[in-house]
Structure formats: C-alpha cells, structure tokens
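First the structure, then my questions, so here it is.
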Amino acid sequence: MDWNLLITQLMNGLQLGLLLFLLASGLTLIFGIMDFINLSHGSFYMVGAYFCGTIVAKTGSFVLGILFGLVGVFIVGALVEWFIARKLYRSDHLDHVLVTFGLILIFDTLVHMIWGASGMAIPLPDVLNGQVSIGTLVLPTYRLLIIAAGLGVAAFLYVLVTRTRLGMLIRAGASNRTMVEALGVNINRLFLIVFAIGASMAGLAGMLIAPITEASIGMGNDIIIIAFVVVIVGGIGSVKGAFYAGLIIGLIDTLSRSYLDDVLALSIPIEYAETAAPAISAMMVYILMAVVLAFRPQGLFPPAGAR
Amino acid sequence: MQLLSTRRGLFYTALLVFLAIAPWVFQWIDQPFYLDLLSRALILGIAAVSLNLILGYGGMVSLGHAAYIGIGAYCVGIPAYYDFYSGWLHIGLALSVSAVFALITGAICLRTKGVYFIMITMAFSQMVYYTFLSLEEYGADDGLVIYLRSEFPTWLSMDGAFSLYYWILGVLLLSLYFVHRLIHARFGRVIVGAKFNELRLQSLGVNTYRYRLTCYVISAMICSLAGVLLGNFTSFISPEMMGWTRSGELIFMVIMGGVSTVLGPLLGTISFVLLEEWLAAITVYWHLIFGVLLVVLVLYGKGGLDGLLGLMDRGKKSS
Amino acid sequence: MSDAILDIEGLHKNFGGVVATENVNLSVERGEIHAIIGPNGAGKTTLIAQLSGQLRPNSGSIRFEGRDITTLSMASRARAGLARSFQITSVILPMTLLENVMLAVQGTSGHSFGFWSPVREDGKMTDAAMESLTRVGLDNRADQLAGSVSHGEQRQLEVAITLAMNPRLLLLDEPMAGMGKEETGHMVEILKALKGDKSILLVEHDMDAVFNMADRLSVLVNGHIIATDTVENIRNNAEVQRAYLGDEHA
Ligand SMILES: Nc1ncnc2c1ncn2[C@@H]1O[C@H](COP(=O)(O)OP(=O)(O)OP(=O)(O)O)[C@@H](O)[C@H]1O
Ligand SMILES: [Mg+2]
C-alpha cells in the first residue's frame, strides 16, 4: 500500500469535508431556525469566489480578497434576506423552492453579465503556492491552509454557538422557535444575522476553493446538493452535526473514488471492478444518506430538544 | 370542464384542436422548425403532467423529477447501444425501471416531510445523474447517440417527424385523461385530501403513506414515458438532461401553468418553451428574465396562467 | 364492567418533563355517553389523542371491544370502528361539505386503490354521506366549501364526518366549542339521539350540556382521573366541587 497516497487522499477528503461544512453550517441553521429551504445558497459560494478574485486582481493581496469577499457576501446575504427570504418564511416550501431557484438564475446571469462567461482564475501568493515536505511526503501548502482555515472557522462557530448570547438564541431557535419569540428577542434581526453569516460561510468556501478550481458560473450548483446531504445526515439545525457529517461525507466520497476499485477487486474480477467502482462511488454519499434516514430519520446529531 | 361555455374552456378546446392539426399547419406555412419546438414542449408537457400529479394534487414537492426523464431516455439509449430497438422493450423497461427506482427512493422520501422531502428527492435524482456521469461505457458526460428510433409495427411507427409528433400527442392526451380520471376516483380523493390535511385523512382510516407512495410511483412511470419520447426525439441523450436544475425548470413550468388543474401544466410547458425560444433570440441573458419572472410569479401571481384564464371568466360574470 | 367497549388501563404520557396523563384507568360502557370534564390543560385532548392513535402512550394499555389496540396506527383504529373529532376544527377547507364527508365514508369502507370511476357517481357513497349531513342538519349546505360556512357549521361538519365513519365508539373533543346557545342545543339533541346505538366518549366544557346528556362522568385534573361516577353523584361530590366545578360556578 502506498502510504503517501493514502495520506494525500485523507487530506483531500478532509479538505472537501471542511468545505462542505462551511456550506452546510449556514444551510442547516437557515433550515433549522427559519424552516426555509434555500437552493441559492450555492450562489453565495460562487459570488464569494468572484468577489475575492476581483479584489485579488485589483490589489494583488489574497488576504484583502478574503476580507472584502467576506464583507461583500455578508451584504449580499443580508440583502437577499431583507428583500426576499423574509417575505417567504410564512409561505409553504414550494414557494421557497421557486423563489430561490429563480435567485440562482438571477445570480448566475448577473455574474455572467459582470464577469463574463469564462471562469476567473485566482492567483495565489508565492508563499501559499509552494509545498511542504515531511519526510517523503509532499503536501501543497495551500491545501493545508484550507484545512487550517476550515478548522479555524469550525472553532469560531463552536465558540459563537456555545459561548455567546447570539449562539444561545441560535440554539434555542433551532430547536424551539416559539420559545425565542417568547423571550422577546427581535426575531427579524436574529434571522437577518443568521442568514448573512450563513451566506458568508458559503462565500468563504467558494473563496478557498477558487484558487484551485477557478471561479465559474454555476460552480455552487453541484456541491450544494452534497451540502444538503450533509445537512440531512448531520441533523437539521445542528452545526455540530454539519461538522461531523461534512467530514464523514468528504472522506467517504474522496476515499471511495480512489480506493473502491481496489476493494471491489478483492471479490470480483478486476475489469468489472474498474467499471463498477466509479458508478458505485458516485452513489456512495447518497447510499449513506438513505441508510441514515432509514435508521435515524432525525439525523446523526439532531439539535437538543428538536421536535 | 365545460369545454365551450367559458373562456377558459374555449381556449383549451382551441388549443387541443390546434395541437391536433399543428403538423399540417406548420407544413403549410413551411416552418418545420416549429414542429420541433412543439414536439419538445409536449414531451416536457408529459413530464409536467406527471409532476403535477404529485406536486399539484398531492402536495409532494419533488425536486428530482428530471431523473425519471433521464431513466426513460437511457432505457431507449442503452438497449439501442446493444442493437435492441424494440419499442415495446424500451417502454416496458422504462416503466419498470422507473417504477422500481421510485418505489425504493419514494419509500424513503415519503417517511419525511417538508424541507427533508425536497432535499432527499433532489439528492436521489442527483445520485442518478452522477451514476450516469460515471458510466464510461455509455459515454459518461459525452452521452449516447441513438441511431434509430424505437421500432413499432408499421401503423404505430415513430419514424418521421409527423409520426413522432402524434406519438407524443397521443401519450400526452392519454396521460392527461388518466390523471383526470385518477383525481376524481377514490385514489385521487385520498391524495388530494392528504395534501390539505394528512392527519385528518389518517383519522378517517386512510393509510396515507401507502397511497402517496403509489402516487409517487405512478407519476414516475408517466414521467419515464416523456424520457422515452425525448430519447427518440433528440436521438442524443446525456446525463445533463436529468441535472437537478432540470427538475427545477419542470417545477417552474407546472407553477407557471397553474398547479392542480388538469391542463395547466401543459399550458405552462408550451409557454415556457416559447418564452425560452423567444427570449434566447433576443438576449444571451434571458435566464435573468426567467429568474425575475419566477420571483415575481411567487410573490405576486398565484394561480398561474390557468388562474389568469379563470380570472377572465370571473371578470366576465361580474360585468 | 363486562360490557365495556373501551378499557383503558394505567395509561401514562409525558412530554419531556410535562406529565399530561398519569395512571389513567377508565372504561366506556356499550351504548353510554361518558363525559370527561376537567380544567384547561388537564390532559383531555392528550387522552383522546392516545385513544385515537395520534400519540403513543409511554405505558399502559387500551382495549377496544376486547382487543388490545395500544400499538395500532390511527388509520387501523379508525377502520376498527373508533372515530375521533378534533377540538380544533380539522375539516378540509378547500373541499365541499359533501366531499369532506364522502372521504370519511371512503376511508372506512374498503381500500382506495380505485383509479378510474369518479367518486361523485358512486350512489351508495353519496347517499351515506348525505345521510350523515342530514343528521346534523347540513344537507342543504352539501355543495358549499367547508371554508365558506360558519364556525358552528364547521363543528357540525366535524361531527357529521365522525358519524359517516359508521363507528361503534365516538371520541368527541369539545364538539360544542365556540357554538351559540341554539347550535349547542341542536348538537345535544343530535348526540342524545345516538345514545344506545353508539358509545360516546365526550370531552366537553359546557356543564349544562354535559349534565343534560351524559350517563357517567369522569373528572380529569392534572392528568389524573379524580372521580368517575353518575352525573347525580358527581354533582354532589365535594372533591369535584373543589377541584373543578367550584372555580367555574363560583
Ligand atoms: N405536543 C405537546 N408537547 C408538549 N406539551 C404538550 C403537548 N401537547 C400537550 N401538552 C401539554 O400537556 C398538557 C395537557 O394538554 P391538553 O391539550 O391535553 O389539555 P386539555 O385538557 O385538552 O386542555 P383544553 O381544555 O385547553 O383543551 C398541557 O399542559 C399542555 O401544555
Ligand atoms: Mg383540549
């Protein structure tokens, strides 16, 4: 067995898992607290990448790109909440689906109008572009940075959710909305903040991935589905669930793509294994979701006291 | 429906008459392209009718219906790849594969409600999408070319644009009529009742889960027929036709036409395809207009186009 | 107690820390109207919900006609002959009264895998539904939407729906809630007419109505049954006076 390859794959899985967590943490809170299904959450991921890319192109500073990107996406998220989402919390889920699907079309086209149809590459500063070698193992610095950033945000969210008053309200809101209302909290402002923070998290994920894949139109529309799966598996409304489920799914997806053919080849002829493996690994995440739903419909880590 | 006594009835009668003679009209004005457009609209119409059954009548918001179009299309494409062209085989395969897939995934989805249901239907359709995307043998993302249309006895042949069009129209009308019967029969009453108040239905002795699952399977089977026809129509199929945004568009069409009315979804698809064609000719940014339209439609325009026709009738009565 | 149609033993239900039903023992005799009274929040609706299968008790058993139904689903209980009305009107508003009642007939008569023949043309079902509507005096409203009739009429519809299920035991949760005097009187007549033919477990706040028609009474306070007796005896029961009637009649 090639240990270096395994470690690289583990790192890739971890990276995917953390990106998924960034996307899913906002989603799960928005579902849990507002009971609002936001298909266009992936648009924040895309918009974040474009904002960041633009600033980097102007200033040459990746750090500034991230900072302004975060603020930009926060504002976009707040605007969406203020002008659109807010009007829909009381209507049925079908309306959420339609409007946020419309928002995807709007965001995708606006990006097309502003930045053009071709993607936008984001150059990395030299320090991040290198590699770190530990023994025979060579790892790209930037991937380590993504992992560190993901863990950092997770820690930040953890403190925010468990140690602050805002976090207390968020937790209470995810399991019992009426209770928060009864506390006399300005529920509109709470929703606005949660929505905008969620959007920024998604935007951050987009900014982090863009230097590797480049920013492109519709880049959020595929990954958002896996983020949904993360939310379901983790338990709606649970940031902790989103974290663990994100990691589990990131690792399963990455590892099954690289190792499933070898595993299958243990029991069936190699040529069948090589045909079947890609298909099965494509299904892996969804099979996991189905299994979790069958045995724990409320997800792995439902928020305490959830209905 | 009183076909001739209201404006809405009159409109739909005129529409159906037009659909019946459309190929000849288009031939007469020498615009074969219009027939293509209409064929595509009617295929999507079949899918929309099937989606309307669960979404409009049953209140089950599935965001994964395009998967069944894909399944239907690949049930033509894959046998054709191995030189099996029998149309009955294609149809039988499409119906049974979609039924089995809908039964398994529906059994899981329907245990859940609300946002869960929406996301899970979406996730399962995405699973189908990625599965076909990973199947190198069948072209992966390059898709498959279908060289010959499904074979039927001569009098039922699909060859030629006219015959295929009438096939499509036939399947569409049959589905419409079937859904219409279904909705007013015992089964449909239970489905509609459960949409409004599932607990009440259960308290009346109805095992709503069982009926909803059946409804979900029926809808998937009808939708797979749209896939079979689409495969034959485009003679090229790829996973792209079942991406989740396709499912989103399908919902859009149903809503635009007016949910839980029999002919609304058909109206929705025809308008959608025409609008798409027209806007795309004007600007590359036509998606923006669609997006804005969707947002406005939901925030301000309940009832869809069919509702608009109904409004015209009410206006007439009150004046 | 050999002729009990419903037998409840040691029923217990709590929501987290809130105990809503505690060691409830109760039986309903065949053909009687058995009323349950108790202050707001006593657990009456929760008890009905457990009997109808909407909620699962934490422990205890429910026997209906000698058969243990504690774990049966709501739908199976309905088909077994146990019909429930809701305290909060729960009719299907966008359907007509007739359609609402026909669903009740349909739910308890065979399966619903009929894909072809329109229900409207099924004479037997329409007749059965009309009969229930007539019984509560709503026959002239049959084709109006449930959402368009008055609150009192919706309450009557609620009862018509339970009747249309042709049950042997009715669980009625405050059928007169929010009704005017005249409507209440009408409802009392309807229920009295059923006496002997159907067994009824009736939750009701209107004391006059209860004393007028019930055979026996149980008093539920804080999830406990503190007394079960004939109407006469309950009226004179000091404990009940204190716990419940006292507040209301003071
Ligand atoms: N789903 C639930 N979750 C938590 N607590 C509940 C729930 N349903 C009822 N309760 C609590 O159980 C207790 C009994 O409620 P229930 O509705 O059965 O009372 P009731 O006797 O029907 O009152 P009313 O006369 O107002 O109808 C109350 O304290 C109520 O707050
Ligand atoms: Mg009550």
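What follows draws every value from the coordinates through simple rules; no lab data is involved. These numbers were taken from a predicted model, which means no experiment stands behind them. Using ideal geometry, Cβ is built from the backbone for each residue, glycine included, and neighbour counts are taken over all protein chains shown.
Across the residues of B:54-60, average count of Cβ atoms on other protein chains within 10 Å? Don't skip to the answer; put the middle values down first.
Values: counts 0, 2, 1, 0, 0, 3, 1.
Average per residue, whole number: 1.
Would you mind counting up the charge near A:Gly17? Only other residues with Cβ under 15 Å from its Cβ, with Lys and Arg at +1 and Asp and Glu at -1.
+2
Here is a follow-up. Calculate log10 I(q)/I(0) of the protein assembly as shown for q = 0.05, 0.07, 0.08, 0.11 Å⁻¹, where I(q) comes from the Debye formula with a single equal point scatterer on each Cα and nothing for solvent.
Cα-only, vacuum Debye calculation for the protein assembly as shown: -0.34, -0.66, -0.84, -1.35.
Here's another thing I want to ask about it. Once you have the Kirkwood Rh of chain A from its Cα pairs, apply Stokes-Einstein at 20 °C and 1.002 mPa s and quote D in µm²/s.
Details: Rh = 20.2 Å.
The estimated diffusion coefficient comes to 106 µm²/s.
Further, regarding this structure: At most 11 other Cβ atoms within 10 Å and a DSSP loop assignment: could you name the trypsin sites (Lys or Arg not before Pro) in segment A:1-99 that fit? Could you put the intermediate results ahead of the total?
Details: sites: A:Lys58, A:Arg86, A:Lys87, A:Arg90; in loops: A:Arg90.
Passing both the DSSP loop test and the Cβ count: A:Arg90.
Then there is this: How far apart, in nm, are the 7 Å Cα→Cβ label points at A:Leu6 and B:Ala107?
Those two pseudo-labels are separated by 3.7 nm.
Moving on to the next point. Say we join alpha carbon atoms closer than 10 Å with springs in a Gaussian network model of chain A; which of A:Ala117, A:Ala172, A:Ala210 then has the biggest fluctuation?
A:Ala117
Right, here's the next one. Can you give the local net charge around A:His93? Use residues other than it whose beta-carbon is closer than 15 angstrom to its beta-carbon, Lys and Arg +1, Asp and Glu -1. Could the numbers behind the result be given before it?
Numbers: positive: A:Lys87, A:Arg90, B:Lys113, B:Lys195; negative: A:Asp35, A:Asp92, A:Asp95, B:Glu198.
Local charge sum for A:His93: 0.
Using helices alone, I'd like the mean residue ellipticity at 222 nm for chain C: each DSSP H run of four-plus residues gives -39500 (n - 2.57), total over residue count, nearest 500. Walk me through the numbers before you get to the answer.
Details: 9 runs with 85 residues, N = 250.
So the calculated ellipticity at 222 nm is -10000 deg cm²/dmol.
Under a GNM of chain B (C-alpha, springs under 10 Å), which listed residue has the highest mean-square fluctuation: B:Asp83, B:Asp141, B:Asp306?
B:Asp83
Let me ask something additional. What average number of partner chain Cβ atoms lie no more than 10 Å from the Cβ of the residues making up C:159-165? The partial results should precede the final answer.
On the way: counts 0, 0, 3, 2, 0, 1, 3.
Shielding by partners across C:159-165 averages 1.
Next question, about the same structure. Please give the contour-minus-distance gain from A:Ala121 to A:Tyr158: 0.36 nm per residue of separation, less the Cα-Cα distance, rounded to one decimal in nm. Walk me through the numbers before you get to the answer.
Working: separation 37, 0.36 × 37 = 13.32 nm, distance 3.23 nm.
Separation in residues times 0.36 nm, less the Cα-Cα distance, equals 10.1 nm.
Here's a follow-up. Assign unit charges at the C-beta atoms only (+1 for Lys and Arg, -1 for Asp and Glu), then state the dipole size of segment B:129-188 relative to its Cα centre in Debye, rounded to the nearest 20. Walk me through the numbers before you get to the answer.
Working: 3 positive and 6 negative charges, 131 e Å.
Rounded to the nearest 20 debye, it is 640 debye.
Points 7 angstrom from Cα along the Cβ direction at C:Arg63 and C:Ser148: gap in nanometres?
Reported label-point gap for C:Arg63 and C:Ser148 is 5.0 nm.
Consider just the alpha-carbon atoms of segment C:7-124 and return their Rg together with their Dmax, both in angstrom.
Here Rg and the maximum Cα pair distance are 17.0, 52 Å.
Right, next: Between rounded, prolate and oblate, where does segment A:200-265 land on the alpha carbon gyration tensor, with a ≥ b ≥ c its root eigenvalues, rounded for a/c under 1.5, else prolate if a/b exceeds b/c? Walk me through the numbers before you get to the answer.
Numbers: a/c = 2.31, a/b = 1.19, b/c = 1.94.
Here segment A:200-265 falls in the oblate category.
Using DSSP to call loops (not H, G, I, E or B), can you name the chymotrypsin sites (Phe, Trp or Tyr not before Pro) in segment B:1-106 whose Cβ has at most 13 other Cβ atoms within 10 angstrom? Present the calculation step by step, with values, prior to reporting the outcome.
Working: sites: B:Phe11, B:Tyr12, B:Phe18, B:Trp24, B:Phe26, B:Trp28, B:Phe33, B:Tyr34, B:Tyr57, B:Tyr68, B:Tyr74, B:Tyr81, B:Tyr82, B:Phe84, B:Tyr85, B:Trp88, B:Phe101; in loops: B:Tyr82, B:Phe84, B:Tyr85.
Here the chymotrypsin sites (Phe, Trp or Tyr not before Pro) that fit, given the DSSP loop and packing criteria, are B:Tyr82.
Sticking with this one: Which of the peptides B:223-234, B:279-290 is most tightly packed, and how do the rest follow, judged by the mean count of other Cβ atoms within 10 Å per residue? Display every interim value, and only then the final one.
On the way: B:223-234: 27.4, B:279-290: 15.2.
The peptides rank, most packed first, as B:223-234, B:279-290.
One quarter of the convex hull surface, Cα atoms only: what value does that give for segment A:97-164 in nm²? If you can, show how the numbers build up before the last one.
Numbers: hull surface 36.0 nm².
Dividing the Cα hull surface by four gives the mean projection, 9.0 nm².
So, in Å, what gap is there between the alpha-carbon centers of segment B:256-291 and segment C:31-82?
51
In addition: If you place +1 on the Cβ of every Lys and Arg and -1 on the Cβ of every Asp and Glu, how big does the dipole about the Cα centre of segment A:8-219 come out, in debye to the nearest 20? It would help to have the intermediate numbers written out before the result.
On the way: 10 positive and 8 negative charges, 103 e Å.
Dipole about the Cα centre, nearest 20: 500 debye.
Taking Cα pairs under 8 Å and at least six residues apart, what relative contact order does chain C come out at, in percent? Show your work: numbers first, answer last.
Numbers: 470 pairs, mean separation 66.9, N = 250.
The normalised contact order for chain C reaches 27 percent.
At 222 nm, what value in deg cm²/dmol follows for chain B if DSSP H runs of at least 4 each add -39500 (n - 2.57) and the sum is divided by all its residues, to the nearest 500?
On the way: 13 runs with 234 residues, N = 319.
One gets -25000 deg cm²/dmol as the mean residue ellipticity at 222 nm.
Would you list the P(r) distribution for chain B, with all Cα-Cα distances sorted into 10 Å bins from 0 and each bin expressed as a whole %?
Reading upward from the zero bin: 6, 25, 35, 25, 8, 1, 0.
OK, next. For segment B:134-225, which chymotrypsin sites (Phe, Trp or Tyr not before Pro) are in a loop by DSSP, counting at most 13 other Cβ atoms within 10 Å?
Values: sites: B:Tyr138, B:Tyr147, B:Trp155, B:Phe162, B:Tyr165, B:Tyr166, B:Trp167, B:Tyr177, B:Phe178, B:Phe187, B:Phe196, B:Tyr209, B:Tyr211, B:Tyr216; in loops: B:Tyr147.
When the chymotrypsin sites (Phe, Trp or Tyr not before Pro) of segment B:134-225 are filtered for loop state and at most 13 Cβ neighbours within 10 Å, B:Tyr147 remain.
A further question follows. What distance in nm lies between label points placed 7 Å from Cα along the C-beta direction at B:Ala161 and C:Phe211?
Going from the B:Ala161 label point to the C:Phe211 one covers 8.6 nm.
Could you give the length gained by full extension between B:Ser96 and B:Thr154, i.e. 0.36 nm per residue of separation minus their alpha carbon distance, to one decimal place?
On the way: separation 58, 0.36 × 58 = 20.88 nm, distance 2.50 nm.
Extra length from B:Ser96 to B:Thr154 when fully extended: 18.4 nm.
Which aspartates and glutamates, if any, have their Cα less than 12 Å from the Cα of C:Lys192, not counting same-chain residues under 8 positions apart?
Partners found: C:Glu32, C:Asp215.
Quick one: net charge of C:Pro118's neighbours, Cβ under 10 Å, K/R +1, D/E -1? Don't jump to the answer; show the numbers that get you there.
Working: positive: B:Arg181, B:Arg186, B:Arg189, C:Arg120; negative: C:Glu121, C:Asp122.
Overall, the nearby charge balance is +2.
If chain C were replaced by its equivalent ellipsoid, with semi-axes equal to the square roots of 5 times the Cα gyration tensor eigenvalues, what would those be, largest first, whole Å?
Details: eigenvalues 188, 91, 50 Å².
Output for chain C: semi-axes of 31, 21, 16 Å.
Now for a separate question. Roughly how crowded by other chains is peptide B:283-296, in terms of the mean Cβ count from those chains within 10 Å of each of its Cβ atoms? Before the final figure, lay out the partial values.
On the way: counts 1, 4, 5, 2, 9, 9, 3, 5, 12, 5, 2, 10, 10, 2.
Partner Cβ neighbours, averaged per residue: 6.
Find the all-direction average of the projected area of the Cα convex hull for segment B:84-132, expressing the result in square nanometres with one decimal place.
Numbers: hull surface 15.7 nm².
That works out to 3.9 nm².
Now a separate question. Under 20 Å from the 7 Å Cα→Cβ point of C:Thr71, by amide nitrogen: which residues of segment C:24-55?
C:50-55
Could you tell me the calculated FRET efficiency between A:Thr178 and C:Asn140, based on Cβ-Cβ distance and R0 = 45 angstrom, to the nearest 0.05?
Details: r = 41 Å, r/R0 = 0.91.
Computed FRET efficiency for A:Thr178 and C:Asn140 comes out at 0.65.
What number, in percent, do you get for the relative contact order of segment C:133-219 if the mean sequence gap of Cα pairs under 8 Å and at least 6 apart is divided by its residue count?
Details: 75 pairs, mean separation 25.7, N = 87.
Contact order relative to length: 30 percent.
So which aspartates and glutamates can B:Lys113 reach, going by Cα to Cα under 16 Å and dropping same-chain residues fewer than 8 places off?
A:Asp35, A:Asp92, A:Asp95, B:Glu198
Oh, and also: Please report, largest first and rounded to whole Å, the three semi-axes of the ellipsoid equivalent to segment C:1-54, where each semi-axis is the square root of five times an eigenvalue of the C-alpha gyration tensor. Write out the running numbers ahead of the final one.
On the way: eigenvalues 95, 30, 18 Å².
Gyration-tensor ellipsoid for segment C:1-54: 22, 12, 10 Å.
Would you please put C:143-152, A:96-105 in order of how densely packed they are, using the mean number of other Cβ atoms within 10 angstrom per residue and starting with the highest? Provide the component values of the computation, followed by the final result.
On the way: C:143-152: 14.7, A:96-105: 24.8.
Final packing ranking: A:96-105, C:143-152.
Could you compute the longest span of chain C free of chymotrypsin sites (Phe, Trp or Tyr not before Pro) located in DSSP loops and having at most 12 other Cβ atoms within 10 Å, not counting the site residues?
In chain C, the maximal stretch lacking such sites is C:117-250.
Here is a follow-up. Which of C:Ala193, C:Ala78, C:Ala142 moves most in a GNM of chain C, Cα contacts under 10 Å?
So, out of C:Ala193, C:Ala78, C:Ala142, the one fluctuating most is C:Ala193.
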